[in-house]
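The values are calculated or read from the model by the stated rules, or taken from the named source; none is laboratory data. Small disclaimer: the values here were computed from a predicted structure and weren't measured. Note that each Cβ is placed from the backbone with ideal geometry, even for glycine, and that neighbours are counted across all protein chains shown.
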Amino acid sequence: MAVSDRDIEPVGALADRAVRRQVWLRRAGAAGRLVVSVFVTLLGLLALTFFIGRMLPIDPVLAVVGDQADQATYEMMYRKLGLDQPLYVQFWTYISSAARLDFGVGTFSGQEVASDIARVFPATLELATVALLVGVFLGIPMGVLAAVFRNSLIDHVTRIIGLIGYSTPIFWLGLMGLLVFYGMLGWVGGPGRVDSFYIDIVEPVTGSILIDAALADEWDIFWNAVSHIVMPGSILGFTALAYIARMTRSFMLEQLNQEYVITARVKGLSNRQVIWRHAFRNVAVPLITVIALSYGFLLEGAVLTETVFAWPGFGQYLTNALLQGDMNAVLGCTLVVGVIFIALNLLSDLLYRLLDPRTK
């Protein structure tokens, strides 16, 4: 039986199909490795928080029943918490509960830890976002200018600001900021997210008082909230500014010494085009990791800022849990912080692939 040419698949089509299959296999393998890596990291994080909770010299039973409870009440709660089970059974129960976002009941608040975290976390997210915006929109231009005008007055000022941001205790900056700008000058709002007169007027939708006030068309509350967040956001953002400016300066100095920059100048490109269109484009990719890590540290490191400014957020909740020996809340917060860092690392890797074709 004769076979026509149309029945024979061209060699080029077979080659294209093989290439597509290899690309698909590579992508599937990379996705599989990513899933396994995230799973192992989360499992390690769960194990770390579990065994830290067992090693700390805090009796979870006494934290629930109190020091005055009799032996029968103590033993009943001991069994109810599952502490009479083998350690591997307790660990499996802990993993199963954490997978359902069940971190137990907080002994300090008497409510589910997951609901407590969901209630206080938006306030910290709002504060950290404002701080990150301060750090990015001021730190990146400062770092670029410091690198372009190396050893000039701009460079020295940027390095001094970075040194102050690294070495000055944030709680001292917060106290001085309250004393000068709130107590003496009255330019900003005081502690808390809004004045006491405005508390609970706006119905919480997103948890961000700024967004919720704008959605409710309550502009008096919005501007009052702005006056309250300016100082803690600036103080917290100052530390991010110092880190971002320092890293931007370092990255830019490295790029400005590359041969492609010299070639671009020889071709007659303006200084602005060389800096922002060529050098900064190569700096933007590693800066993504810097910004992502800064955001994670801002979310985690807002404890002192929230304490000084009486900001009812994640950091203050964690501080109160530590002071009260509420291990369910402490371990739940620790796990949330770890998940945040994992998510930010994954996001930075994704943006890496989108901005830098060489990583694809």
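Residues considered: Ala302, Ala292. Of these, the only one that is hydrophobic (A, V, I, L, M, F, W, C), crowded, with 23+ Cβ neighbours inside 10 Å and within 28 Å of Arg159 (Cα to Cα) is Ala302.
Scan region 67-118 for residues that are without any contact (Cβ under 8 Å) to a residue 60 or more places away in the chain, in contact with a Ser or Thr (Cβ under 9 Å, 6 or more places away or on another chain) and in a loop (DSSP other than H, G, I, E, B) and the total you get is 3. Residue check: is Ser167 free of Cβ contacts under 8 Å to residues at least 24 places away in the same chain and loosely packed, with under 12 Cβ neighbours inside 10 Å? For Ser167, the condition - free of Cβ contacts under 8 Å to residues at least 24 places away in the same chain and loosely packed, with under 12 Cβ neighbours inside 10 Å - is met.
For region 256-314, the helices (runs of 4 or more DSSP H) that sit wholly inside it and include 3 or more residues that are of a type in the set (Gly, Ala, Ser) are 280-300.
Every residue, every condition in (1) among the aromatic types (Phe, Trp, Tyr); (2) modelled with pLDDT of 90 or more; (3) outside any helix (DSSP H, G or I); (4) touching a Ser or Thr at 6+ places or on another chain (Cβ under 9 Å), yes or no:
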residue	(1), (2), (3), (4)
Val205	no, no, yes, no
Leu210	no, no, no, no
Ala213	no, no, no, no
Asp220	no, no, no, no
Asn224	no, no, no, no
Thr239	no, no, no, yes
Tyr243	yes, no, no, yes
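If you check Val144, Val230 for being part of a helix (DSSP H, G or I), modelled with pLDDT of 85 or more and under 19 Å from Val290 (Cβ atoms), only one passes: Val144.
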